[in-house]
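As structure tokens, the structure follows; a few thoughts come after it.
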Amino acid sequence: MNVAFQGEPGAYSHQAILETFGRATAALPCHTFAEAFDAVEQGTATLAMIPIENSTAGAINQSYDLLLDHNLTITREVVLPVRHALLVPSGTPRADIVRVYSHPAALAQCEHFITSNGWEPVVAYDTAGAAKLLAASREPHAAALASAIAGEIYGLDILAQSVQDLANNYTRFFVIGHDAPPRTDNCKTSLVLETAHSPGSLYRVLGEFASRAINLTKLESRPDRKNPWHYIFYIDLQTHRADPLFQAALVALRDKTVFLKVLGSYPAAPTPPTEL
């Protein structure tokens with residue numbers, strides 16, 4: 001099995017692959033999310049690990065758009081605790097640090113930690129990319145914020161771990177592929193739809209799920225890229241696409257939606273613990 005991901009080796013998507021499928025899993029780094037989707041469609045990779053949202057930063061919009069654009073299915077949900085580590089070239093003391101490199105999201109998630117130490121945040125294209133560049137340049141007075149795995153890969157010292165400002169920092173991933181997984185007891189179904197641009201249209205759609213006691217776990221809106229100021233909706237439900245109640249809801253939605261696409265039914269990830 002070969003699993004594609006966006007980013008450099010040591011990125012959090014790479015970590016999610018190793019923790020989900022095992023350390024021996026072959027991983028295919030891709031420059032963009034679109035390249036990871038294409039790798040699965042073209043057979044270069046069996047699956048792809050795609051981040052869909054972060055518990056503090058919110059949805060990753062490009063991932064949602066690509067789910068609509070590609071004819072692939074969601075095969076699994078993965079929730080990864082994001083624990084940023086402070087990485088430096090070997091032998092660099094903490095007192096020498098002046099600036100810290102990382103992706104903007106990681107810098108934002110560690111803002112209090114950075115400012116409390118009086119360091120300058122410097123934007124990099126990727127968390128693992130920041131670690132890779134720092135290992136190559138050995139820039140004095142510099143550190144990177146990335147995963148501990150990135151530190152191991154690029155031979156950097158880990159001066160501190162879990163330096164993010166909020167303990168409840170999780171990223172949710174979708175594993176995408178060609179084949180639907182077997183049905184499990186705890187599963188979710190994701191779909192995307194568009195309603196008529198008229199009063200009450202979304203209300204009537206959601207009512208078809210509510211009237212059948214199908215629980216919504218997420219509702220996300222995205223612009224309709226072909227029709228300005230119109231919107232499409234991504235919905236996650238606690239059900240399986242083969243469930244008779246869900247099938248009945250789909251039938252009822254035929255005349256309540258402009259289009260509807262089921263993105264997959266898949267095993268749901270365990271709910272992460274709430275940390276104080």
Discussion item. At a threshold of 8 angstrom on Cα-Cα distance, excluding pairs fewer than six apart, so keeping six or more, what relative contact order does the range 126-276 reach in percent?
Written reply: 28
Discussion item. Semi-axes of the equivalent ellipsoid for the range 35-173, please: Cα gyration tensor eigenvalues, times 5, square-rooted, ordered largest first, whole Å.
Written reply: 31, 17, 12
Worksheet entry | Tensor-based shape of the range 1-58 (alpha-carbon gyration tensor, a/c under 1.5 rounded, otherwise prolate or oblate) | oblate
Practice prompt. Would you pull out the residues with amide H under 5 Å of Tyr101's amide H, same chain only if 5 or more places away, H placed 1.01 Å from N?
Written response: Val122, Ala143, Ala144, Leu145
Worksheet item: What residues qualify as long-range amide H neighbours of Val258, i.e. H under 5 Å apart, gap of 5 or more or another chain, H built at 1.01 Å from N?
Response: Glu194, Thr195, Ala196
Worksheet item: For Val123 and Ala180 in one chain, what is 0.36 nm times their gap in residues minus the Cα-Cα distance, to one decimal in nm?
Response: 16.7 nm
Worksheet item: Loop-only check: which trypsin sites (Lys or Arg not before Pro) in the range 17-109 are DSSP coil with at most 13 other Cβ within 10 angstrom?
Response: Arg23
Discussion item. Considering only protein heavy atoms and a probe of 1.4 Å, how much of the accessible area of the chain is carbon and sulfur, as a whole percent?
Written reply: 54
Worksheet item: Which whole-number percent of Cα pairs in the range 183-249 have a distance greater than 15 Å?
Response: 55
Worksheet item: Quick one, what does Rg over Rh come out to for the range 225-276 if you take C-alpha atoms and the Kirkwood Rh?
Response: 1.09
Discussion item. Given the DSSP H assignment, sum -39500 (n - 2.57) over each helix run of at least 4 residues in the chain and divide by its residue total; what's the result at 222 nm in deg cm²/dmol, nearest 500?
Written reply: -7500 deg cm²/dmol
Worksheet item: What percent antiparallel are the DSSP beta bridges of the chain, to the nearest 5?
Response: 75
Worksheet entry | Residues Glu152 and Val262, FRET efficiency given R0 of 41 Å [Cβ-Cβ distance, rounded to 0.05] | 0.55
Worksheet, complete the sentence: Taking every other residue with Cβ under 14 Å from the Cβ of Gly7 and scoring Lys and Arg +1, Asp and Glu -1, one gets -2
Worksheet item: By the scheme Lys and Arg +1, Asp and Glu -1, what is the net charge of all other residues having a beta-carbon under 11 Å from that of Cys30?
Response: -3
Item to complete: Compute the accessible area per residue over the chain, keeping the other protein chains in place, probe 1.4 Å, unit Å².
Response: 47
Worksheet item: Can you run phi through the Karplus equation (6.51, -1.76, 1.60; θ = phi - 60°) for the range 66-83 and list ³J(HN,Hα) in whole Hz, with x for Gly and Pro?
Response: 6, 4, 6, 6, 10, 9, 10, 10, 7, 10, 6, 10, 10, 10, 10, x, 8, 10
Fill in: Dimensionless Rg over Rh [the chain; C-alpha; Kirkwood]
1.03
Worksheet item: If each of Ser198 and Gln238 carries a label point 7 Å out from its Cα toward its Cβ, how far apart are those two points in nm?
Response: 3.3
Worksheet item: What residues qualify as long-range amide H neighbours of Tyr170, i.e. H under 5 Å apart, gap of 5 or more or another chain, H built at 1.01 Å from N?
Response: Ser55, Thr56, Val82
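The values are calculated or read from the model by the stated rules, or taken from the named source; none is laboratory data. Just so it is clear, the structure is predicted and the values come from calculations on it, not from any experiment. Backbone-built Cβ (ideal geometry, glycine too); neighbour counts: all protein chains shown. When the accessible area is computed, the model is the full protein with side chains, heavy atoms only, and any ligands, DNA or RNA have been set aside. Shrake-Rupley method; radii C 1.70, N 1.55, O 1.52, S 1.80 Å.
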